[in-house]
Amino acid sequence: MTSPPGRRGSIAAGPIAAVVATAAAVLLLALWFGGAGPRPAIEGLPSPGVLTTRGLPVARLVLDVCAAATVGVLLASVVLMPARAGAVRTGKTTTIPSRTSRSRTGSADAGDAEGAASRRLARAAAAWAAGWALSAAVTEVLTLSDFLGLPAGQALRSGALYVFLVNIPQGQAFALVAVAAAAVAAGALLPGGRAWRAVLLAVAILAVLPPAYVGHSASAADHNLAVLSLMAHVTAVVLWTGGLYALVAHLRAAPGLAVAVSRFSTLALGCFAAAAASGALNAWVRLGALPPLWQSRYGLLVLAKIAALAVLGWFGWRHRRATIEALRSGTSRAPFVRLAAGEVTVMAGTVALAVALGRSAPPAGEAQHQHDALGYALPPFTPGTLVTDLRPDPIALILLAAAAAAYLSGVRRLRADGAGWPAGRTVSWLAGLLVLAYATSGGVAAYAPAMFSAHAAQYALLGAVGPALLAAGAPLTLWRLAHPGPDALDGPAARTLSHPVAALALYALPYPALYLTGLFAFAQPSLALRLAAQTVVVVTGVIFFVVTAGVDPLPRAIRPQVRAWMLIGAIAVRAWTGLAVLTGPGQAPQWYAALGLPWAPDPAADQRTGALLGTGAEVAVLAALLALLLARLFAARRRTAAAPVPATSRRV
């Protein structure tokens, strides 16, 4: 996948200048309109100086651009770029030439081309990530200057940098970004395949989130909802913007451009929907009502961003209507490149507008926290509030919607190819997603930070009920049937994760680590730690149940007896952990005391209820799967024993 020499392999200066000029003009205009532009220093009061007031927004813009480009290039190398030149999808089927039908020379040439393209993308990702780390470091210094009200040089000499990095959320956020970006830059230069680049992509996506966690949304009326919606919005925009940049800058002359654009089109549509929904939710939380949209300058900037999003939606519609078909037919790439270049320009202006919004003050009438510790109002608990009270988690809902869409797309592809798929599998998969949606966004999610029993019920749904239903949906089998070809599910990482000892350890260890080490007391007050713990529980649960259920074929063969012992081991660890929580000291007593909820149950009694409820539910799911597995094993043995013995085997 090489770019032709000459002008096609490089980007002309004109489009680059247009993108830079658009971003700079929008940034300056939006900063001025939103009241976040440089202001004259007042005599007698400390001032960070012109370098900080003018340079900090520019540094943030450069940081955001480098972050999006890093994510986009890694996305291109992992997802967008065809895995093998020999795989061609025509009509309803995908054909991959067999090893015997491909000449060794052709295979070597294809491998060399793919390797060269991967190396180029890796170098580009490393360069952008290095710029990302550098701009994060500059932003760190300028943010310290702005925080102290001192020029950058004096701020560095004040001795406050260490305290700012360690104790102040803004300092922690940009320090984390700088370290993560530097790690991505170094990792991109190391040799590795798609699995390694996928790890780097995951790290890069996570690294764009810390600034959203400490921005204006952290002080919004509903802290959790504002932060989660902004994090979902930022993730969608970064994937969308970065992916388009990678197509235009690195894949526009590649032989697999049509495949890459087709894949990106699906991703871009999802990102557009996610960005629109999460952005609208965040704006509603920040503004609290509709009138501030047109009655405040902040609201007018929000309207401008909505208009920019609508324009970007039009670009996507035009791609689907015209340019993608032209690429598939092989007539011309020029319409796509021209339209995509215009889209990148609009995206650059939109990113600049977002930076200006982050520096602008929301309307003065913004409501304060409805609960200082929780960040939201929580009505007195009743069994009915578990159904009526909702706490939508935009990130979780978007991921679950994407999982549902991907699964249904695979089912539709099989049906289009004339193959069927069991309806029960689909129902099980969707039911598992619904369980996870309720556990992350329903009433149990609202009360989980305030009541240990609700937390235990939430983790039973996240770690056992939901993953068991997902595993019964046979997602790996569906993927292999719908996407034939080189299978990453048989790689070294998959073989390691599917090892019985590894799968059991991944599933069993998070619970004693959370409850028996004091980590729970640190996680409950922190939204970030709670999200991380929930993610670990879901991911490890899915891995464990996929391995033990035996529905999907795995890279390594695992006997039913081994699966049974895995389930017995998991039951033993969960029962032991539950007993330790039941009879042990209080979990996070300072946190529950600080909440001061007048209707809250007695913490000790609630902890005992949670230990019995959560452990009982998980053990019940594990025991049910064990019983089903043993029933199948005994039935197979009976069939084997009842089978007639061939006459030749009865001879002495």
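Annotations for the structure displayed:
- Some residue of segment 473-494 being assigned by TED's automatic domain parsing to the domain that holds Glu618, assigned to a loop (DSSP other than H, G, I, E, B), of a type in the set (D, E, K, R) and at pLDDT 85 or above: no
- Trp196 fulfils the conditions (1) under 19 Å from the mean Cα position of the chain (by Cα); (2) at pLDDT 85 or above except for a single criterion, (2).
- Cross-chain or 6+ apart pairs with Cβ under 7 Å, segment 398-417 first and over 20 Å from Ala437 (Cβ atoms), then among the β-branched types (Val, Ile, Thr): Asp417/Thr93
- Cβ-Cβ under 7 Å pairs, at least 6 apart or on other chains, segment 453-471 side under 18 Å from Leu386 (Cα atoms), far side surrounded by fewer than 24 Cβ atoms within 10 Å (Cβ to Cβ) and polar (S, T, N, Q): Ser453/Thr609; Leu462/Gln534
- The condition of being under 24 Å from Thr385 (Cβ atoms) and either assigned by TED's automatic domain parsing to the domain that holds Ala575 or among the β-branched types (Val, Ile, Thr) (or both) holds for only one of Ala423, Ala450, Ala416, Ala405, that being Ala450.
- Enumerated helices (runs of 4 or more DSSP H) restricted to segment 145-264, each holding at least 3 residues that are more than 26 Å from Leu400 (Cβ to Cβ): 152-157, 161-167, 169-188
- Segment 521-538, residues that are in contact (Cβ under 8 Å) with a residue 24 or more places away in the chain and either over 23 Å from the mean Cα position of the chain (by Cα) or surrounded by fewer than 16 Cβ atoms within 10 Å (Cβ to Cβ) (or both): Ala521, Ala528
- Considering segment 364-380, the residues that are modelled with pLDDT of 70 or more and in contact with a helix residue (DSSP H, G or I) (Cβ under 9 Å, 6 or more places away or on another chain) include one that is surrounded by the fewest Cβ atoms within 10 Å (Cβ to Cβ), namely Pro379.
- The set of residues in segment 377-430 that are of a type outside the set (Gly, Ala, Ser), in a helix (DSSP H, G or I), under 18 Å from the mean Cα position of the chain (by Cα) and closer than 22 Å to Gln534 by Cα comprises Pro394, Ile395, Leu397, Ile398, Leu399, Leu400.
- Of the residues making up segment 433-450, none is closer than 30 Å to Leu239 by Cα, more than 19 Å from the chain's Cα centre (by Cα) and modelled with pLDDT under 85.
- Test: residue in segment 241-248 that is under 21 Å from the mean Cα position of the chain (by Cα), surrounded by fewer than 23 Cβ atoms within 10 Å (Cβ to Cβ), farther than 19 Å from Val355 by Cβ and of a type outside the set (A, V, I, L, M, F, W, C): no
The values are calculated or read from the model by the stated rules, or taken from the named source; none is laboratory data. Every value quoted in this text rests on a predicted model; they were computed, and no experiment measured them. FYI the Cβ positions are ideal-geometry reconstructions off the backbone, even for glycines, and counts take in every protein chain you see.
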